[in-house]
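Everything below concerns the one structure shown next.
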Amino acid sequence: MGGLLDGRVVLVTAAAGAGLGWATARRCAEEGARVVISDVHERRLAEAAERLAEVMGDEPAAIPCDVADTGQVDALIERAVEAEGRIDVLVNNAGLGGDRRVVEMTDEEWERVVDISLTSVFRATRAALRHMLPRRSGVIVNMASVSGWRAQVGQAHYAAAKAGVMAFTRCVAMEAAEAGVRVNAVAPSLAMHPFLEKTVSRELLEELTRREAFGRAADPAEVANVVVFLASDLSSYMTGEVVSVSSQHP
């Protein structure tokens, strides 16, 4: 709790629940940020706002948003700016996985995963840059994944989307650099939280855990700490980078 983000306004997408979005929102608040949270699940979003109020001292702006809808994403950015006056940091955390071999995968399954995990990053980044570029200030942190590097059966749609997030991050970073806006990504591997334990088989979790250098999954807060670093001035000369929070990178 060193005040790394004192006075910054941080917007985190997909921040309800107990995963990386919530952990990121909490860590940013602990570092002094004014946090705005968003999620498609309104009940869980309200619950997350109540928990975050315990850290911030007052309840944060909590804005429902389906990141698959351009109109809702544009409105999210506008409402966040209205609530806090500006957005200093955008954390694009929304993503969707799945487990399906390509030969069995439908167009709809492919398109849904790519839309939520990649195209939503484009939508939110575009909307945020409309505010950040004229101000010549801002930071965007995208949630990628080691799946963008790693081959895994049944994950072609998710891996392709996360590899796309990495390439998108590098390209947008070059476009935004002339305005002093930084764009980076975090690539976690296995970060354990209750929702993951409910949706992924024990066998797969055990296999993924064995691949980790420390022989365990990361705590979501350990990934959130890297997001905080990239959002802060400690990384002031970093842009276009994908930071692996795992030993599993090329």
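The values are calculated or read from the model by the stated rules, or taken from the named source; none is laboratory data. It should be emphasised that the depicted structure is a prediction, and the values quoted were computed from it without experimental measurement. Methodologically, a virtual Cβ is constructed for each residue, glycine included, from the backbone with ideal geometry; neighbour enumeration extends over all protein chains shown. When the accessible area is computed, the model is the full protein with side chains, heavy atoms only, and any ligands, DNA or RNA have been set aside. Shrake-Rupley method; radii C 1.70, N 1.55, O 1.52, S 1.80 Å.
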What does the C-alpha gyration tensor say about the overall shape of the stretch 111-250? Classify as rounded when a/c is under 1.5, otherwise prolate if a/b is larger than b/c, or oblate. prolate
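What's the FRET efficiency of His249 with Glu109 using the Cβ-Cβ distance as r and R₀ = 25 Å, to the nearest 0.05? Working shown, then result.
Numbers: r = 27 Å, r/R0 = 1.08.
According to the calculation, E is roughly 0.40.
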Relative contact order for the stretch 94-178: what is it in percent, counting Cα pairs under 8 Å that are at least 6 residues apart? 38 percent
For a quick check: with amide H placed at 1.01 Å from N, whose amide H comes under 5 Å from Gly138's, ignoring anything fewer than 5 positions away on the same chain? Arg182
Which trypsin sites (Lys or Arg not before Pro) in the stretch 59-106 sit in a loop by DSSP (not H, G, I, E or B) and have at most 13 other Cβ atoms within 10 Å of their own Cβ? Arg101
Counting chymotrypsin sites (Phe, Trp or Tyr not before Pro) as exposed when in a DSSP loop with at most 11 other beta carbons within 10 Å, what is the longest stretch of the chain free of them? 1-213
Cα long-axis angle, helix 70-84 against the chain (0 to 90 degrees, to the nearest 10): 40 degrees
Just the projected area, averaged over all directions, of the convex hull on the alpha carbon atoms of the chain: how many nm²? 12.8 nm²
Relative contact order of the chain, defined on C-alpha pairs under 8 angstrom at six or more residues apart (%): 20 percent
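Quick one: order Glu178, Glu50, Glu206 from most to least accessible surface, probe 1.4 Å.
In descending accessible area the options line up as Glu178, Glu50, Glu206.
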Over the chain: helical MRE at 222 nm, DSSP H runs n ≥ 4 each giving -39500 (n - 2.57), nearest 500: -14500 deg cm²/dmol
Let's test the formula: R0 of 51 Å, r as the Cβ-Cβ distance of Glu78 and Arg210. What FRET efficiency results, to the nearest 0.05? 0.65
Carbon + sulfur, % of accessible area of the chain - ligands and nucleic acids excluded, 1.4 Å: 51 percent
Working from the pairwise distances between different alpha carbons, so that the mean of 1/r is found and then inverted, what is the stretch 1-113's Kirkwood radius in Å? 14.7 Å
